Amino acid sequence: MKIIMLGAPGAGKGTQAKKIAEKYQIPHISTGDIFRANIKGGTELGMKAKTFMDQGMLVPDEITIGMLMDRIGQEDCINGYVLDGFPRTIPQAESLTKALAERGEKVDYAINVDVPDENIINRMSGRRACLGCGATYHITFNPPVKEGICDTCGQELVLRDDDKPETVKKRLDVYHQQTQPLIDYYKNAEVLAEVDGTQPMDAVFQDIVEILGE
Ligand code: ADP
Ligand code: AMP
């Protein structure tokens, strides 16, 4: 099963993608997590990506597409995957469609997690991320057991640099300009499903399970 998560930054794509990965036993692939791991590791790719990410801009397609194609070519992707944060531009979507078509495959579901802009700033300013294992929390909606510490791996939680309100505004602009058109792209491909992302996390997940099947 090949699934794409669509939605604004902070809509809950990562939160739901992790649950999907666990239930359906497929890898969760987040391009944002891959970039952050590269930044942490001090790689050349990470250094290039950081300059764009810190400004709330998208990392150029030339860098992002190749990186994602390498990842989905790995052995653990043989039975599918859930993509979180890719594609974010029409050229990225077209590259994915083409690469899959060459193998006689296609995206099965594009799930749009719909959350209005008004809710996003609050979600992002309260998000806390673990740079160790990639877990995500929210200080109000999904707090860790011990404040500031990751439940899973015990590392310190941080407010991402790009989750500061001034950067979030820019990221929302970029989303509306470059990523929102993908909703129509996948509607035309007849694989779009929409869920109301303003509901509590478990209710959003229930709606997703109804779409994907038990
Ligand atoms: P995205 O991957 O789309 O950027 P995340 O999954 O990281 O978004 O969610 C953004 C923030 O909102 C996180 O702090 C997360 O814990 C919180 N969150 C996610 N889903 C919900 C929800 N349904 N209700 C309230 N808060 C949520
Ligand atoms: P995310 O963790 O999905 O919120 O992504 C964080 C940041 O990484 C984004 O704001 C972009 O700068 C960059 N990024 C992640 N995925 C992509 C992508 N598919 N295309 C371009 N940039 C991306």
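The values are calculated or read from the model by the stated rules, or taken from the named source; none is laboratory data. Predicted model, so just to flag it, every value in this text is computed and none were measured. We place every Cβ from the backbone using ideal geometry, glycine too, and count neighbours over all the protein chains shown. Ligands, DNA and RNA are excluded from the accessible area calculation, which covers all protein heavy atoms including side chains. Shrake-Rupley method; radii C 1.70, N 1.55, O 1.52, S 1.80 Å.
Out of the residues in region 38-84 that are among the small types (Gly, Ala, Ser) and within 13 Å of ligand 2 (Cβ to nearest atom), state the one that is surrounded by the fewest Cβ atoms within 10 Å (Cβ to Cβ). Break it down into steps so the answer makes sense when it comes.
Just the residues of region 38-84 that are among the small types (Gly, Ala, Ser), to begin with: 41-42, 46, 49, 56, 66, 73, 80.
Then drop every residue that is not within 13 Å of ligand 2 (Cβ to nearest atom), which leaves 46, 49, 56, 66.
Values: Gly46: 17, Ala49: 24, Gly56: 21, Gly66: 12.
By that ranking, first place goes to Gly66.
Of the numbered conditions (1) in contact with a strand residue (DSSP E or B) (Cβ under 7 Å, 6 or more places away or on another chain); (2) surrounded by 21 or more Cβ atoms within 10 Å (Cβ to Cβ), Phe35 satisfies every one except a single condition; which is it?
(1)
So Tyr137 ticks every box in (1) loosely packed, with under 13 Cβ neighbours inside 10 Å; (2) of a type in the set (Ser, Thr, Tyr); (3) under 17 Å from Gln16 (Cβ atoms) but one. Which box is left unticked?
(1)
Inspect all residues belonging to region 21-33 and state whether any of them is under 18 Å from Val191 (Cβ atoms), assigned to a loop (DSSP other than H, G, I, E, B) and touching a Lys or Arg at 6+ places or on another chain (Cβ under 7 Å). Talk me through it step by step, then tell me what you get.
Of the residues in region 21-33, the ones under 18 Å from Val191 (Cβ atoms) are 24, 26, 29.
Remaining after also requiring assigned to a loop (DSSP other than H, G, I, E, B): 26.
Narrowing the set further to residues that are touching a Lys or Arg at 6+ places or on another chain (Cβ under 7 Å) leaves none.
Scanning region 21-33, I find no residue that is under 18 Å from Val191 (Cβ atoms), assigned to a loop (DSSP other than H, G, I, E, B) and touching a Lys or Arg at 6+ places or on another chain (Cβ under 7 Å), so the answer is no.
If you take the residues in region 15-37 that are touching a His at 6+ places or on another chain (Cβ under 7 Å) and more than 12 Å from ligand 2 (Cβ to nearest atom), which one is nearest to Asp196 (Cα to Cα)? Walk me through it before giving the result.
Kept after step one, since they are touching a His at 6+ places or on another chain (Cβ under 7 Å), are these residues of region 15-37: 17-18, 21.
Add one more test, that the residue is more than 12 Å from ligand 2 (Cβ to nearest atom), and what stays is 18, 21.
On the way: Lys18: 18, Ala21: 20 Å.
The residue in question is Lys18.
Just checking, how many residues over region 91-146 are in contact (Cβ under 8 Å) with a residue 12 or more places away in the chain and either outside any strand (DSSP E or B) or closer than 21 Å to Gly66 by Cβ (or both)? Working first, answer last.
Just the residues of region 91-146 that are in contact (Cβ under 8 Å) with a residue 12 or more places away in the chain, to begin with: 91-93, 95-97, 99-100, 105-117, 119-121, 123-142, 144.
So of that shortlist, the ones also either outside any strand (DSSP E or B) or closer than 21 Å to Gly66 by Cβ (or both) come out as 91-93, 95-97, 99-100, 105-108, 115-117, 119-121, 123-126, 131-135, 139-141, 144.
Counting residues in region 91-146 that are in contact (Cβ under 8 Å) with a residue 12 or more places away in the chain and either outside any strand (DSSP E or B) or closer than 21 Å to Gly66 by Cβ (or both) gives 31.
Identify, by number, the condition in (1) under 26 Å from Leu192 (Cβ atoms); (2) in a helix (DSSP H, G or I); (3) within 11 Å of ligand 2 (Cβ to nearest atom) that Met5 doesn't meet.
Met5 satisfies every listed condition except (2).
Out of Leu182, Leu212, Leu192, which single residue is over 22 Å from Gly56 (Cα atoms) and either crowded, with 18+ Cβ neighbours inside 10 Å or without any contact (Cβ under 8 Å) to a residue 60 or more places away in the chain (or both)? Write out each step before concluding.
Numbers: Leu182 fails: over 22 Å from Gly56 (Cα atoms); Leu212 fails: either crowded, with 18+ Cβ neighbours inside 10 Å or without any contact (Cβ under 8 Å) to a residue 60 or more places away in the chain (or both).
Checking each option against the conditions leaves just Leu192.
Going residue by residue through region 149-171, is there one that turns out to be among the hydrophobic types (A, V, I, L, M, F, W, C), in a loop (DSSP other than H, G, I, E, B) and surrounded by 14 or more Cβ atoms within 10 Å (Cβ to Cβ)?
Residues of region 149-171 among the hydrophobic types (A, V, I, L, M, F, W, C): 149-150, 153, 157-159, 168.
Applying the additional criterion that residues be in a loop (DSSP other than H, G, I, E, B) yields 150, 153, 159.
Then keep just the ones that are surrounded by 14 or more Cβ atoms within 10 Å (Cβ to Cβ); that gives 150, 159.
Scanning region 149-171, I find at least one residue that is among the hydrophobic types (A, V, I, L, M, F, W, C), in a loop (DSSP other than H, G, I, E, B) and surrounded by 14 or more Cβ atoms within 10 Å (Cβ to Cβ), so the answer is yes.
If I go through region 33-86 residue by residue, how many of them are more than 18 Å from the chain's Cα centre (by Cα) and either more than 21 Å from Val168 (Cα to Cα) or within 16 Å of ligand 1 (Cβ to nearest atom) (or both)?
The qualifying residues number 13.
Can we say Gln199 is under 22 Å from Asn122 (Cβ atoms), modelled with pLDDT of 95 or more, open to solvent by 20 Å² or more (accessible area, probe 1.4 Å) and near ligand 1 (Cβ under 10 Å from one of its atoms)?
Values: under 22 Å from Asn122 (Cβ atoms): yes; modelled with pLDDT of 95 or more: yes; open to solvent by 20 Å² or more (accessible area, probe 1.4 Å): yes; near ligand 1 (Cβ under 10 Å from one of its atoms): yes.
Here the answer is yes, as Gln199 does meet what is asked.
Starting from residues that are over 23 Å from Gly12 (Cβ atoms) and open to solvent by less than 30 Å² (accessible area, probe 1.4 Å), keep the ones in region 85-108 and report whichever is nearest to ligand 2 (Cβ to nearest atom).
In this case the residue turns out to be Ala99.
Check off (1) surrounded by 13 or more Cβ atoms within 10 Å (Cβ to Cβ); (2) within 17 Å of the chain's Cα centre (by Cα) for Asn122 and give me the number that stays unchecked.
It is condition (2) that Asn122 fails.
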